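Input: a single structure, listed below in C-alpha cells.
Every number here is computed from the coordinates shown, using simple stated rules; none is lab data. This is a predicted model, so every value here is computed, not measured. Because the Cβ atoms are built from the backbone with ideal geometry, glycine has one as well, and the counts that use them run over all protein chains shown.
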C-alpha cells in the first residue's frame with residue numbers, strides 16, 4: 001500500500017512538473033499593431049476621478065509638450081472596448097499619445113467591468129463614462145482643457161460608452177452633480193456597439209432595459225458631430241447598425257460621417273498599421289472641420 005502511494009505521489013509530482021514546463025513554454029498571445037504601440041507608452045500622470053464600491057477609478061492623462069497651467073487645450077477622452085467585460089485603458093494609449101503630440105490633452109478612462117459576481121452592469125459602465133466626462137469638464141482649468149472642446153472617443157464597447165455621454169440622459173451616478181454637462185463636443189467612434197437590440201450586440205448582457213442603452217434608439221436633434229469607423233464585414237457589431245445610426249443622425253439634423261472599410265472585420269484598424277494611420281488622418285480632418293486646432 002505504501003509503495004502504491006509513493007508511486008502515485010511520484011506520478012503526481014511528474015504531472016505538476018510537466019504542467020509547469022508547459023506553462024513556461026506556451027508562448028503569449030502576440031500583440032496586434034496597436035497593442036505593440038501601447039506596450040511602449042505611459043501616461044504623464046494618473047488621476048482619480050471617482051470612488052465607487054470601495055475602489056478608485058482613474059484617468060490616465062497624456063499631456064502635450066509645453067502645456068501651461070493657463071492653457072485651454074482640446075481634450076481627447078478615449079474609452080477602451082472589450083465587451084464591457086475586459087481589456088484596460090492601455091488599449092487606447094496610442095490614440096491618446098497621438099493626439100497629445102498634436103497639442104491635445106488626451107485621457108484614457110478606467111471604468112468598472114462587468115464580471116461574474118461583481119454586481120456591475122452595463123449601466124454602471126455608462127455611468128462611469130459620464131462621470132469621467134463631468135470630471136474633466138469640472139476640472140478643465142486644472143487640466144489645461146477647454147471645457148467646450150472635449151471629444152468622446154471609444155472602440156467597440158468603449159464606443160458605446162462614449163456615445164452614452166451624449167445620448168443616455170438620466171443614466172447617472174446617484175448624487176452626482178448633473179449640473180455639470182457630460183455632453184461631448186464631438187464624437188469619434190470606432191466599430192462601436194451602436195445597436196443593442198437583438199439584431200445588434202449586447203442585448204443579453206443588458207437585459208430587458210436594452211433600449212435605454214441603445215445609441216441607435218436614442219438619437220435626437222442636437223447630438224455632437226460624429227465620425228464612425230466601421231468594417232462592412234463586422235459580424236460582432238453589425239455594420240448595418242452603424243449605417244442606420246448615421247442615417248438617423250442625419251435625419252435629426254446632426255452631422256454624422258460614416259467611414260466604411262469594405263469587408264473589414266470587428267476591430268480591423270487595431271491590427272493594421274495602414275488602416276490605423278488612415279483613421280487618424282481622417283479623424284484629424286474631421287476635427288479640423290469642426291474648429292479644433294492642432295499645434
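For this structure, a couple of remarks:
- Projected onto its three principal axes, the C-alpha set of segment 117-235 covers 42, 34, 28 Å, listed from the longest axis down.
- Remark: the residue 252-residue 178 segment gains 24.2 nm on full extension, using 0.36 nm per residue and subtracting the alpha carbon distance.
- Between residue 293 and residue 44, the distance separating the two model label sites (each 7 Å from Cα on the Cα→Cβ line) works out to 1.8 nm.
- All Cα-Cα distances of the chain, cut into 5 Å bins from zero to the largest, leave 1, 5, 12, 16, 18, 16, 11, 7, 3, 3, 2, 2, 2, 1, 1, 0, 0 percent in each bin in turn.
- Spatial separation of Cα centroids for segment 241-255 and segment 180-200, in angstrom: 12 Å
- The relative contact order of the chain, computed from alpha carbon pairs under 8 Å that lie at least 6 residues apart in sequence, is 15 percent.
- Net length available on complete extension from residue 138 to residue 169 is 9.3 nm, with 0.36 nm assigned per residue and the Cα-Cα distance removed.
- Compared with the direct C-alpha span, the chain from residue 273 to residue 85 gains 65.1 nm at full extension, assuming 0.36 nm per residue.
- Taking each DSSP H run with n ≥ 4 as -39500 (n - 2.57) and averaging over every residue of the chain yields -11000 deg cm²/dmol at 222 nm.
- Share antiparallel - DSSP beta bridges, the chain, percent rounded to 5: 30 percent
- Zone of residue 265's modelled label, taken as backbone nitrogen in segment 55-95 under 20 Å from a point 7 Å along Cα→Cβ: 81-87
- Under the criterion of Cα pairs below 8 Å and six or more residues apart, the relative contact order for segment 74-148 equals 31 percent.
- Distance in nm between pseudo-label sites at residue 55 and residue 148 (7 Å out along the Cβ direction from Cα): 3.8 nm
- Each of 151, 79 was scored by other Cβ atoms within 10 Å of its Cβ. Listed from fewest to most, they are 151, 79.
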